[in-house]
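This report concerns only the one structure given below.
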Amino acid sequence: MSFSTEDLGRIKWSLLACCISIGVAVALVKYSANLQQTALRDLQQAQQQLNAAREQLATAQSDQENMAAYQMEYEALVTQKVIGDEQRLDWIEDLDNLRRQHLVPDFKYTIAPQQGYAPNPPLAAGNFKLSLSPMAMQFDLMHEGQLLEFLDALNKRIPGWFLLDGCAMSRNTGAGEGGITLRADCNGGWFTMKNRNAS
């Protein structure tokens, strides 16, 4: 079968329609491919947002569980006056009450100004500021047990958290007055925590 120039004239509109159809088909394929890529991109973004929302929900649920678990401990620390402001006046009154109970023949103490506390090893304190009010104590004792009884009473009867660094004991030279044979020098401090957001 052969085509002549005259045949082309007869089929020119059919060829033009065929070319236009091919062009439209190619354009539709490209348009569909672009739509598919856009849809895939939108789907990936939606999945990322969904994953982020799931992570936030899991974190919020975990925080809620932690808050419930630690609420009682937190309230106990507030009641014990570990969380909050320095309780210097209360400590002084309570130490004077211990003095009147004559657990030791005599003791003296000084409470230094409150200062920031950096535990060793370091501790992540979250939103809490850690502070220590250093305290030095000097005791006159008849025996070592009196010091232990006093420190036990200090921890049990005075609200707060007293951290004992250490004690150095020495014998009094010569006969002590009233049976006093020992002297103890102790260092420690009152530990407090305060929420940085609290006014």
| the chain - mean residue ellipticity at 222 nm from DSSP helices (-39,500 (n - 2.57) per run, n ≥ 4, rounded to 500) | -18500 deg cm²/dmol
| query | For the chain, what is the accessible area per residue in Å² when the probe is 1.4 Å? | reply | 72
| field | Efficiency of FRET from Cβ geometry, E149 and R183, R₀ 25 Å, rounded to 0.05 | value | 0.90
| What lysines sit close enough to K156 to cross-link, taking a C-alpha to C-alpha distance under 27 Å and skipping anything fewer than 8 places away on the same chain? | K81, K108, K129, K194
| query | Within the chain, which cysteines find no other Cys whose Cβ is under 4.7 angstrom from their own? | reply | C18, C19
| query | How far, in nm, would the chain grow between Q37 and R88 when pulled straight, counting 0.36 nm per residue and subtracting the alpha carbon separation? | reply | 11.5 nm
| Which distance in nm do the two modelled labels at D106 and N66 give, with both placed 7 Å along the Cα-to-Cβ direction? | 5.2
| request: Take the solvent-accessible surface of the protein heavy atoms, probe 1.4 Å, and return the percent of it on the chain that carbon and sulfur atoms account for. | output: 56
| message | Could you check the spin-label model distance between Q80 and A53? Points 7 Å from the Cα along Cα→Cβ, value in nm. | response | 4.3
| Which order do C167, C186, C19 take by accessible area at a 1.4 Å probe, largest first? | C19, C167, C186
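The values are calculated or read from the model by the stated rules, or taken from the named source; none is laboratory data. Predicted model, so just to flag it, every value in this text is computed and none were measured. Please note: Cβ atoms are built from the backbone with ideal geometry, for glycine as well, and neighbour counts cover all protein chains shown. These area figures cover heavy atoms from the full protein model, side chains too; ligands, DNA and RNA do not enter into them. Shrake-Rupley method; radii C 1.70, N 1.55, O 1.52, S 1.80 Å.
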